[in-house]
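Here's the structure we're looking at; comments come further down.
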Amino acid sequence: MAENIKTITENRKARHDYHIEETFEAGIVLAGTEVKSLRAGRANLKDSFARVDHGEIFLYNAHISPYDQGNRFNHDPLRTRKLLMHKHEIRKLIGRVHEKGLTLVPLKMYFKNGKAKVQLALAKGKKLYDKRDDMAARDAKREMEKAFRERQKDN
């Protein structure tokens, strides 16, 4: 069976600020107007994070804009949302987060077969020098590719 995946939003800054160790997929508990707003692509994961509280995982600071045609039943854009994962995955995350000082960062939000999902990453924060090293490596790679293209053009 082919999976139908439609990306809603990505947290591009997460890959810049963190070393990604492992990724997980989690479902999200949403209100009706939140689903309609997500289908319109109106979400932002910029400053969001996930935390394990009492054996459950919650997503904090994920901004889902209020639905335009929503009425008094519209949702709070920054409300805390429960994430759905298997119990053994949650136990694994609890151990890893407490043991190594890792954090849970959402990388992207998408629809998979009609259900809203979040891709969570177990991540460790980068130091400033790590970020500089990454930028320098990216710039060097870009320069090499540019020189290679120019050389190909000359031949």
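Selection over segment 53-64 of residues that are in a loop (DSSP other than H, G, I, E, B) and either hydroxyl-bearing (Ser, Thr, Tyr) or over 16 Å from Gly41 (Cα atoms) (or both) gives a count of 3. Residues that are surrounded by fewer than 17 Cβ atoms within 10 Å (Cβ to Cβ), more than 21 Å from Asp134 (Cβ to Cβ), in contact (Cβ under 8 Å) with a residue 60 or more places away in the chain and over 13 Å from the mean Cα position of the chain (by Cα) within segment 1-34 comprise Glu3, Asn4, Ile5, Lys6, listed in sequence order.
Is it the case, given these coordinates, that Val118 is part of a helix (DSSP H, G or I), within 21 Å of Ile8 (Cβ to Cβ) and in contact (Cβ under 8 Å) with a residue 24 or more places away in the chain? Here the answer is no, as Val118 does not meet what is asked.
Residues are listed down the side, and each one gets a yes or a no for (1) in a strand (DSSP E or B); (2) touching a Gly at 6+ places or on another chain (Cβ under 6 Å); (3) at negative phi:
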{"position": "Arg15", "(1), (2), (3)": "no, no, yes"}
{"position": "Glu25", "(1), (2), (3)": "yes, no, yes"}
{"position": "Thr33", "(1), (2), (3)": "no, yes, yes"}
{"position": "Arg51", "(1), (2), (3)": "yes, no, yes"}
{"position": "Pro66", "(1), (2), (3)": "no, no, yes"}
{"position": "His75", "(1), (2), (3)": "no, no, yes"}
{"position": "Lys82", "(1), (2), (3)": "yes, no, yes"}
{"position": "Arg96", "(1), (2), (3)": "no, no, yes"}
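Of the residues in segment 105-122, not one is modelled with pLDDT of 85 or more, under 18 Å from Leu59 (Cα atoms) and exposed (fewer than 12 other Cβ atoms within 10 Å of the Cβ). Considering every residue within segment 72-95, establish whether at least one is at pLDDT below 80, in contact with a strand residue (DSSP E or B) (Cβ under 9 Å, 6 or more places away or on another chain) and hydrophobic (A, V, I, L, M, F, W, C). No: segment 72-95 contains no residue that is at pLDDT below 80, in contact with a strand residue (DSSP E or B) (Cβ under 9 Å, 6 or more places away or on another chain) and hydrophobic (A, V, I, L, M, F, W, C). Restricting attention to segment 38-80, the residues that are closer than 17 Å to Tyr110 by Cβ, touching an Asp or Glu at 6+ places or on another chain (Cβ under 8 Å) and not hydrophobic (A, V, I, L, M, F, W, C) add up to 0.
State yes or no: is Phe24 out of contact with any Lys or Arg (no Cβ under 7 Å at 6 or more places or on another chain), modelled with pLDDT of 85 or more, aromatic (Phe, Trp, Tyr) and over 19 Å from Lys112 (Cβ atoms)? No, not satisfied.
Quick test for you: out of Asp154, Asp47, pick the one residue that is more than 26 Å from Glu3 (Cα to Cα) and within 21 Å of the chain's Cα centre (by Cα). Step by step, each of Asp154, Asp47 is checked, and only Asp47 is more than 26 Å from Glu3 (Cα to Cα) and within 21 Å of the chain's Cα centre (by Cα).
The values are calculated or read from the model by the stated rules, or taken from the named source; none is laboratory data. What you see is a predicted model, and the numbers here were worked out from it, not measured in a lab. FYI the Cβ positions are ideal-geometry reconstructions off the backbone, even for glycines, and counts take in every protein chain you see.
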